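The values are calculated or read from the model by the stated rules, or taken from the named source; none is laboratory data. Note that the structure is predicted; figures quoted are calculated from it, not measured. Backbone-built Cβ (ideal geometry, glycine too); neighbour counts: all protein chains shown. Ligands, DNA and RNA are excluded from the accessible area calculation, which covers all protein heavy atoms including side chains. Shrake-Rupley method; radii C 1.70, N 1.55, O 1.52, S 1.80 Å.
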Amino acid sequence: MKVSLILSLLLAGASLCHANPEIATIIDQEYGAATSEGVVLLQSPASPADPTQWSVYARDPFRPGELVRSTLTSAKSGWAPKASGAGSKLLTRVPPQPIAFNRIKFRSSDALRIAQQNAAMAKVNFVTAAYQLAANATTGAPEWGLALDGPDGAEVGFVVISAETGAVLHQQWNNGLASYAEGEPATPPASKGEKAADDVKRAARRAWEWTGDTGLEVGHFFKRLFKSSGN
């Protein structure tokens, strides 16, 4: 009993500091392995540092085609889970694969640091980041999608980062700079491929529109980023 208690306290402390792979452990302890193995999406509201709250979406183990949602909120003793919904309408789109938490090598704090480095190179200033974690539909690799907001609360950039390797898979900024793989040069403004590049940027960003709230943010972002595209 004492060993179990100590282990639980250690897990709680670790999860509070590094709340990514350990989220699966918390969901397992609270709702069972069938739920934790079916987690498809993590989301957090915009925050200036590592999130203090996560929404965890998982496949409902008892009702095929439906989801369950839990909210994890940081507390003194660790993360406090609370059931916050179930059904088929929690998400407008559902990630096709569960998250492989054992493949996560770069946590949310690492993703924020990488986003800050790339924002500095793009000469963009952001003050908060909203996080999403989902599996790549093709490879199953866990990926971070960070929506970055400026001082006025408007989205100024979006970055996709591999949670497995730390590579920047996609980035786009409201000053027109974008790169689709690490080391690839940005598309020159008014170039021949600008329209195709805009389509790629739209598709990459919309791939992370899991909820209606995200769509609202994206709409405002597109209005600024693609104001000259005629759409």
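Conditions: (1) modelled with pLDDT of 95 or more; (2) open to solvent by less than 40 Å² (accessible area, probe 1.4 Å); (3) not small (Gly, Ala, Ser). Asn20 meets all but one. Number of the miss? Status for Asn20: all satisfied but (1). When Gly38 is tested against (1) small (Gly, Ala, Ser); (2) in contact (Cβ under 8 Å) with a residue 40 or more places away in the chain; (3) farther than 19 Å from Pro142 by Cα, just one condition goes unmet, and that condition is (3). Just one of (1) without any contact (Cβ under 8 Å) to a residue 60 or more places away in the chain; (2) among the hydrophobic types (A, V, I, L, M, F, W, C); (3) farther than 17 Å from Asp50 by Cα fails for Ile114. It is (3). Among the residues making up segment 75-84, those that are under 21 Å from Ala33 (Cβ atoms) and without any contact (Cβ under 8 Å) to a residue 60 or more places away in the chain are Ala80, Pro81, Lys82, Ala83, Ser84.
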